[in-house]
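Everything on this sheet refers to the single structure shown next.
The values are calculated or read from the model by the stated rules, or taken from the named source; none is laboratory data. Quantities reported herein were computed from a predicted structural model and do not represent experimental measurements. Every residue, glycine among them, receives a Cβ derived from its backbone with ideal geometry; neighbour counts consider all protein chains shown. Keep in mind that these areas ignore ligands, DNA and RNA; they rest on the heavy atoms of the full protein, side chains included. Shrake-Rupley method; radii C 1.70, N 1.55, O 1.52, S 1.80 Å.
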Amino acid sequence: MADLWWIYSKPVPADGRELWTLFLQCSCITAVIGGLFYNWMFASLEYSWHLSVAMAISFSLLLLLTLLLVHPARCVFSMIMPTLGTKQGRKLLFSTCIMIAVVNITPNIISNIKTILQVIQCICKNSSDSLLNSTALLEKVSWEFGDAVQETIHSIYKPMNGHFRFSLLQNSSLIYQKMHLAGEKISREFLSVEVLVKDSVRVANRLAAGFFMLYLCFESTWYLKNYLTNLSFDNFYITKKLERLAMDRRAAHLLVGSSKKLIRPTGLKLSREEVVLCLVQAMLVTVALMLMLVVVAMDHFAFSVADTAVTKAAQFSAVPVTLNIKYKAEIGILPFLSKIFWHPSEALLLRDFNRTYHHHLIFSSAHCKISPPTPPNPSVLLVVGLLFCILYTTVFLETFARRLCRRIAASFFQSCEEKRVLHLYRKLCRRHRK
């Protein structure tokens, strides 16, 4: 592995064997990166497969030529890998989490809301139908009661017309049509909102992902530029070259006395600035986690409400309505005179009317088209949770990722590393003399 890295980090291969080894190394790297790039474009950014394949092949060929011919580009590309463990890599993971939430969680919430609206529409339709049937029952009762009133003993006392007149809406299709149109309108509005949100977030995520990738390359290039031009940049590590230089010049005490300000790149010790930076980044990741948990909670809440609505609507029992009519009347002959002479009054009795009518108000029906509620996808929650675990890991590994970037730059430009070590040694000497 050391020999392969030596060949990879050399500016120019020494012979044909090293050239072929470098070519094989670059080919393997570009093949892996091309596959990841295709999966990223097709699965995460949701580009078409043929465009993803074309972009992946073009990117792989361009990357192969760049790595093979340009030595600083190999250094920058090698530093991009550990840079993914810094805040730039976290931004890419954040965009991935947002895309997963929009593509998987948001449609699930809208689908459950549609289910709730379908339940409401079903209840309104069946309840209105029951009310219309109740008016038909009243019409039947009125005609039967009118017939009973007209059936008197003597036709002389027979009323001219004992029927009640109801103005009924016999054709209920108009109500159903209006309710259906209202439901279709709400569904179209929800669908348009869903498509608009998904398209907007997809475009924003693509732009953000492209910007983050370019900025990732820019940050690695910026680090390499400062490393080569500024001898004090990121130069406070006790490296092996610094230890050998101090031993050769019999100044090992300089490293012991400056142990509080210098750290070893392979150790786990963090400086005060690095600890503060880790805490700040952890707080930002926590805020993003809280926002994602709100979206997940909305998904569970929408499913719970939709499931309860469907279950309760199916359990709605028909409400019985009983209409009981009792009618008894008599027509007395000269009731005033009969009371004066204490004679019983002669009366014409009408036929008694005592009937009971039953009706049921129905609020739900098995014929309603209600889509079942969609439960939250556990695999989506698992992927989001795994991504946030990686995000928290990168917060505490960011410092070590930057140290790895410094070691990569030192292995590619060893002469510059020697100048930096000599500059740090002289700085320690001046501080010790003061």
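Observations on the structure shown:
- Given (1) under 44 Å from the mean Cα position of the chain (by Cα); (2) buried (at least 18 other Cβ atoms within 10 Å of the Cβ); (3) at pLDDT 80 or above, number of the condition Phe413 does not satisfy: (1)
- Answer from Leu214, Leu207, Leu191 - the residue that is open to solvent by 70 Å² or more (accessible area, probe 1.4 Å) and more than 25 Å from Thr86 (Cβ to Cβ): Leu191
- Residue selected from the range 306-334 under the condition at pLDDT 75 or above and more than 16 Å from Ile123 (Cα to Cα), by the criterion nearest to the chain's Cα centre (by Cα): Pro320
- Residues that are open to solvent by 60 Å² or more (accessible area, probe 1.4 Å) and under 12 Å from Val305 (Cβ atoms), drawn from the range 118-133: Ile120
- Among residues of the range 1-12, those that are open to solvent by less than 40 Å² (accessible area, probe 1.4 Å) and either modelled with pLDDT of 90 or more or not hydrophobic (A, V, I, L, M, F, W, C) (or both), counted: 3
- Test: residue in the range 44-53 that is more than 14 Å from Ala209 (Cα to Cα), buried (at least 16 other Cβ atoms within 10 Å of the Cβ), in the same structural domain as Arg403 (by the TED database) and not hydrophobic (A, V, I, L, M, F, W, C): no
- Going through (1) touching a helix residue (DSSP H, G or I) at 6+ places or on another chain (Cβ under 8 Å); (2) of a type outside the set (A, V, I, L, M); (3) modelled with pLDDT of 85 or more one by one, Lys419 falls short only on (1).
- Filtering Arg402, Arg420, Arg431, Arg406 for residues that are loosely packed, with under 14 Cβ neighbours inside 10 Å, assigned to a helix (DSSP H, G or I) and in contact (Cβ under 8 Å) with a residue 24 or more places away in the chain leaves a single hit, Arg431.
- Restricting attention to the range 237-249 and to residues that are within 20 Å of Cys405 (Cα to Cα) and outside any loop (DSSP other than H, G, I, E, B), the residue that is most open to solvent (accessible area, probe 1.4 Å) turns out to be Lys240.
- Sole exception among (1) surrounded by 12 or more Cβ atoms within 10 Å (Cβ to Cβ); (2) free of Cβ contacts under 8 Å to residues at least 40 places away in the same chain for Leu69, by number: (1)
Yes/no per residue for (1) at pLDDT below 75; (2) of a type outside the set (Lys, Arg); (3) in the same structural domain as Ala409 (by the TED database); (4) buried (at least 16 other Cβ atoms within 10 Å of the Cβ):
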site	(1), (2), (3), (4)
Asn235	no, yes, yes, yes
Ala251	yes, yes, yes, no
Leu255	yes, yes, yes, yes
Lys260	yes, no, yes, no
Lys269	yes, no, yes, no
Ala282	no, yes, yes, no
Ala288	no, yes, yes, yes
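- Contacts under 8 angstrom Cβ, first residue in the range 21-42 being modelled with pLDDT under 90, partner of a type in the set (Lys, Arg), 6 or more apart: none
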